[in-house]
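Read the structure below first, then the notes.
Every read-out reported here was derived from the displayed coordinates using simple, explicitly stated rules and does not represent laboratory data. Treat the numbers as computed from the prediction; the structure is a model and nothing was measured. Because the Cβ atoms are built from the backbone with ideal geometry, glycine has one as well, and the counts that use them run over all protein chains shown.
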Amino acid sequence: MSAPSIREIARSLGLSHTTVSEALRDSPRVNPATRKRVQKAAKAVGYRPNPLAGALMSEMRRARSGTFRGVLAILDLDGPENRPASSNRYHRELARGAAARAAELGFKAETIVTGTQGISDTRLDAILQARGIRGLLLLPIAGKADLTGLDWSHFAGIYTDYLIERPGLHSVCPDHYRSMVYAVQRLHALGYHRLGLVLHSKNDARLLYRWEAAFHTYHEHHARKEALPPLIVEDWNREEFIRWFKAKKPDAVLCQRAEVMEWMVECGARIPETHGFCCLNVTSNTIPCAGLDLQPGLLGARGVELLIAALHRNDCDVPEHPSTTTIPALWVDGPTLPKTPI
């Protein structure tokens, strides 16, 4: 059952629509006793104001036109100075996709950097509310986010990575598990049989080991394909990689960092003649590679769509049951793999 409108409340009280509207805004132009009666009646029937409708009317009154451009915030909790260049490329694509889709839907998306500015939750809350910003799109962060200091009764939020717990928000992120299975299938179809997976331990843990789990599970159910022990590193270390590469002898390597190809070459690999390389995130690298496009621009756009839908429903606050929307990666051909089976 839909919530009652202002006109319905006005009819039930025998008051004008304008009087009820101003009473709900606590306007001093309405008699205090009438304001109290209207607000009590509205609460009794479960009326909730729609922030988008209020912003729309304010904009129309101010601009004397029907054009409305709401404002969303793209929150960068780390700041570009605190991220490696590879991560910044991914974050820029996320923000670009979000801003472009917001503009198509009549909104303006503004990036607010908090990490390097030392903005407290209390100050950020005040800034957002003063500017009438209700929708927050959070870019991925390196550590654990904590935005519990915001008054979430005023905001709807979407996180553009796998997991956020303080608070637990809806999120949109790549389908890492499905994408890894897809990459392994492509490599096997090209004739590679000894696949070597190389991951950074922090990224592996941040994704709840979905890259690693998909790699292991796929090989377990395809017994004819040999599964090499993955190399999980604490840091990108040349010596550690070379020891692993020489000991395990993979014929193709899957890794997020294209720089490891230099170490493969040191070991005698000729890419793609004798060995293949599959990049797990082509957006993060400037070196041309074959591999997975995690589609950060599309992720940003989908996050904005979910955010605006929540605002239209007046669905603010921390969700009781957070959900995750995933988008599979696209395969990109490149010079590090042959286009036909070897």
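May I ask you to work out the translational diffusion coefficient for the stretch 1-49 at 4 °C, viscosity 1.567 mPa s, via Stokes-Einstein with Rh from the Kirkwood sum over Cα pairs, reported in whole µm²/s?
For these conditions, the coefficient is 123 µm²/s.
Relative to the longest principal Cα axis of the chain, at what angle does helix 121-130 sit, 0 to 90 degrees, rounded to 10?
The answer is roughly 50 degrees.
Taking the DSSP beta bridges in the stretch 235-342 as the whole, what percent of them are antiparallel, to the nearest 5?
So the antiparallel bridges amount to about 35 percent of the total.
Could you pull out which residues in the stretch 136-151 have an amide N less than 20 Å from a spot 7 Å beyond the Cα of Leu163, following the Cα-Cβ vector?
So the set is 138-148.
Tally the DSSP beta bridges in the chain and give the antiparallel ones as a percent, rounded to 5.
About 10 percent, rounded to the nearest 5.
Where does helix 296-312 land angle-wise versus the long Cα axis of the chain, in degrees 0 to 90, nearest 10?
For 296-312 against the chain, the angle is about 20 degrees.
In nm, to one decimal, how far is the Arg29 label point from the Glu266 one, both placed 7 Å along Cα→Cβ?
Taking the two extended label points, one gets 7.5 nm.
If R₀ is 25 angstrom, what is the calculated FRET efficiency for the pair Ala205 and His312, using the beta carbon separation as r and rounding to 0.05?
My answer for the efficiency is 0.10.
Across 5 Å bins from 0, what is the distribution of all Cα-Cα pair distances for the stretch 176-294, in whole percents?
Percent of pairs per bin, in order: 2, 11, 24, 27, 23, 11, 2, 0.
Which of the residue pairs Lys108/Lys144; Lys249/Lys339; Lys202/Lys249; Lys202/Lys246; Lys202/Lys248 have a Cα-Cα distance greater than 32 Å in the structure shown?
Result: no pair exceeds 32 Å.
Looking only at the stretch 176-294, where both bridge partners belong to it, what percent of the DSSP beta bridges are antiparallel (to the nearest 5)?
Around 0 percent of the beta bridges assigned by DSSP in the stretch 176-294 are antiparallel ones.
Can you compute the FRET efficiency between Thr18 and Ile232 using 1/(1 + (r/R0)^6), with r the Cβ-Cβ distance and R0 = 45 Å? Round to the nearest 0.05.
About 0.10, to the nearest 0.05.
How do His219, His176 line up, fewest other C-beta atoms within 10 Å first?
His219, His176
Which FRET efficiency value, to the nearest 0.05, do you get for Arg243 and Thr324 by plugging their Cβ-Cβ distance into 1/(1 + (r/R0)^6) with R0 = 45 Å?
So the FRET efficiency works out to roughly 0.75.
Among Asn281, Gly46, Ala33, whose Cα projects farthest towards the positive end of the dipole of the chain, with charges put on the beta-carbon of Lys, Arg (+1) and Asp, Glu (-1)?
Towards the positive end, the residue furthest out is Ala33.
Pop out the ³J(HN,Hα) list for the stretch 188-201 in order, Karplus 6.51 cos²θ - 1.76 cosθ + 1.60 with θ = phi - 60°, rounded to Hz; leave Gly and Pro as x.
5, 5, 7, x, 7, 10, 10, 8, x, 9, 10, 9, 7, 4
Restricting things to alpha carbons, tell me how big the chain is in terms of Rg and Dmax, in Å.
Spelled out, the Cα radius of gyration and Dmax of the chain are 25.8, 87 Å.
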